[in-house]
Amino acid sequence: MSDVCVIGAGLAGCEAAVRLAAKSLSVSLYEMKPVRFSRAHKNPGLAELVCSNSLKAANIENASGLLKEEMRMLGSVCVEAAYKSRVPAGQALAVDRDIFSKTVTEKVTSFGNIKIIREEVGSLSELPDCGAVIIATGPLTSEKLAEEIASLTGKEGLRFFDAAAPIVYAESVDAGKTFRAARYGKGTADYINCPMTRDEYYAFYEALVSAETADVEEFDSLHLYEGCMPVEEMAKRGRDTLKFGPLKPVGLTNPDGTRPYAVVQLRQDDAEGTLYNIVGFQTRLKFSEQRRVFGMIPGLENAEYARYGVMHRNTYIRSPGLLGADYRMKGTADPAVFFAGQITGVEGYMESASSGIVAGVNCGRYLKGEEPAVFPLSTVIGALANYVANYGGKDFQPMGANFGIVDSSAALGAGIRDKTARKRFAAENSLKVLGEFIKENNI
Ligand SMILES: Cc1cc2nc3c(=O)[nH]c(=O)nc-3n(C[C@H](O)[C@H](O)[C@H](O)COP(=O)(O)OP(=O)(O)OC[C@H]3O[C@@H](n4cnc5c(N)ncnc54)[C@H](O)[C@@H]3O)c2cc1C
């Protein structure tokens with residue numbers, strides 16, 4: 001019998017297991033490889049990077065870089081392994097994936113109180129008695145366990161694939177070419193509208209239908225419901241399909257009184273209004289193609305993306321309302337059920353690993369009868385946990401590290417106007433706040 005059963009020895013599961021073991025708790029870490037591999041996993045090692053070998057930016061003026069620095073302060077096993085396996089990649093932190101996985105595997109196995117069990121868990125009832133369970137089985141959670149999770153979270157609680165539209169930073173949208181309005185003037189003028197002339201629309205259409213798409217595992221066999229149809233697939237149905245669909249101009253008038261031929265709308269995506277998603281633009285275009293083709297939309301020529309549109313199989317729970325910011329499923333006890341990693345609705349390697357740290361810290365505290373440690377909102381790691389637990393919109397979609405979700409009021413309060421200087425100030429503040437938080441909470 002162990003104190004905790006962790007299911008899934010990916011990035012999140014390894015972080016959580018190490019965190020618990022370091023606090024002298026015993027862990028049974030279940031991993032189905034090499035008995036069973038998902039379609040993307042190939043290597044029997046732990047913490048496998050299934051696709052790119054880039055862990056994104058390393059500098060703290062970038063939210064991904066800041067997240068890594070926060071994780072380093074917290075003693076992240078993945079960040080430590082990343083620096084040991086680093087390969088040259090300019091400003092980015094890219095790694096040799098085999099050395100990375102080997103380094104994490106060695107670290108995890110060096111703990112005498114972590115027992116690695118190579119078997120697929122099909123149901124929580126198969127697990128031995130333990131005080132808590134952490135489910136960290138990732139976006140490719142095996143089917144049987146996914147069914148079990150669906151019965152835990154409710155039918156509507158589990159999403160099976162990800163069809164997300166890109167999100168851009170509001171300040172990077174050209175206000176001179178766009179206008180704010182609601183269709184037919186109904187309600188408040190919440191949308192940013194990007195009006196197109198006839199020529200602009202057809203040039204955009206031609207570029208869209210001939211743009212390069214990313215390979216999406218199982219895409220052809222996915223049963224896509226209409227609401228998740230990629231914009232480029234919808235466009236292929238006919239030259240005017242988009243004009244009568246997501247780009248319809250009805251009820252919208254240009255500021256000079258003329259009628260636009262088509263309109264792309266941007267919808268606010270966060271409470272602060274720093275992020276906007278492109279309505280109806282779920283896509284599987286390659287990221288470089290998204291920049292090129294969506295850059296043809298008036299106002300988005302220089303748009304900066306907080307998240308690109310993505311479409312791939314992605315099992316994740318509808319976390320808001322189900323999980324707390326400590327990643328524990330509300331109302332569960334004996335065993336308490338925690339979730340960690342991509343399955344919670346964070347997106348990305350390091351984001352997944354970071355949620356493993358928070359879940360591991362809090363699972364340990366739970367078992368020791370301590371109050372949860374809710375990480376500060378001015379840190380990226382805390383902002384991600386808050387997003388997962390408290391996102392207030394209707395359409396919960398996975399989210400990667402970005403400054404739009406971080407509370408950077410300290411930087412704004414300091415009156416810093418320059419964007420880079422503001423990010424640097426916010427990042428330094430975040431690290432200072434995190435340092436104090438770690439000390440105060442004995443993490
Ligand atoms: C195809 C694909 C490509 C991706 N590419 C990138 C990318 O390039 N960059 C990026 O930042 N993010 C990418 N992601 C998103 C995400 O960052 C990774 O999936 C990341 O590995 C998630 O970490 P995790 O710990 O949550 O899950 P994983 O790393 O997938 O770990 C989960 C582990 O659980 C095991 N497991 C599953 N079910 C069971 C079970 N029932 N019993 C026991 N073990 C089980 C799996 O074998 C696996 O080892 C990609 C996702 C997918 C699906």
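All of the numbers you see were taken from the coordinates with simple rules; none came from a lab. For clarity, every value in this text was computed on a predicted model and none was experimentally measured. Glycine also receives a Cβ, built like all others from the backbone with ideal geometry; neighbour counts cover every protein chain displayed.
Worth pointing out:
- Using alpha-carbon coordinates, inclination of helix 11-22 to the longest axis of the chain, degrees: 30
- In this structure the amide hydrogen of T315, modeled in the peptide plane, comes within under 5 Å of the amide hydrogens of L140, T141, none closer than 5 places in sequence on its chain.
- Sorted from longest to shortest, the spans of the Cα atoms of the stretch 1-156 along the three principal axes equal 47, 34, 28 Å.
- Checking every one of the trypsin sites (Lys or Arg not before Pro) in the stretch 291-390 against DSSP loop status and a limit of 14 other Cβ atoms within 10 Å picks out K330, K368.
- Greater than 27 Å apart at Cα, pairs in K33/K107; K84/K330; K42/K107; K42/K286: K84/K330
- The Cα-based radius of gyration of the stretch 373-443, divided by its Kirkwood radius, gives an Rg/Rh of 1.01.
- Cleavage-rule hits, chymotrypsin sites (Phe, Trp or Tyr not before Pro), the stretch 363-443, DSSP coil, Cβ neighbours within 10 Å at most 14: none
- According to the Cα-based calculation, Rg over Rh for the stretch 39-126 is 1.03, with Rh computed by the Kirkwood formula.
- Cα principal axis extents for the chain, largest first, Å: 72, 52, 45
- Residues whose amide H falls under 5 Å from that of D270, counting only those 5 or more places apart or on a different chain, are L275, with hydrogens built in the peptide plane.
- Sites excluded, GluC sites (Glu not before Pro) in DSSP loops with at most 15 other C-beta within 10 Å, longest stretch of the chain: 1-118
- In sequence order, the stretch 175-180 has phi-based couplings of 5, x, 10, 10, 9, 8 Hz under the Karplus curve 6.51 cos²θ - 1.76 cosθ + 1.60, θ = phi - 60°, and Gly or Pro positions carry x.
- The chain: angle of helix 143-153 to the longest principal axis, Cα-based, in degrees nearest 10: 80
- Helical content alone sets the calculated 222 nm signal of the chain at -9500 deg cm²/dmol, taking -39,500 (n - 2.57) per DSSP H segment of four or more residues and averaging over every residue.
- Along the axis of the charge dipole computed for the stretch 367-439 (Cβ charges of +1 for Lys and Arg, -1 for Asp and Glu, origin at the Cα centre), the listed residues I438, F425, S409 are led at the positive end by F425.
- The H on the amide N of L46, modeled in the peptide plane, is under 5 Å from the matching H of T105, each at least 5 residues off or on a different chain.
- Projected area, mean over directions - the stretch 32-80, Cα convex hull, nm²: 4.1
- Taking every DSSP beta bridge that has both ends in the chain, the antiparallel portion is near 60%.
- Directionally averaged projected area (convex hull, Cα atoms, the stretch 100-192), nm²: 12.2
- Computed from the C-beta positions of A333 and E119 and an R0 of 41 Å, the FRET efficiency is 0.95 to the nearest 0.05.
- Stokes-Einstein D (µm²/s) once Rh is taken as the Kirkwood radius of the stretch 167-308 over alpha-carbon pairs, at 10 °C in 1.306 mPa s: 102
- Axis of helix 349-367 versus longest Cα principal axis of the chain: the two differ by about 50°, to the nearest ten degrees.
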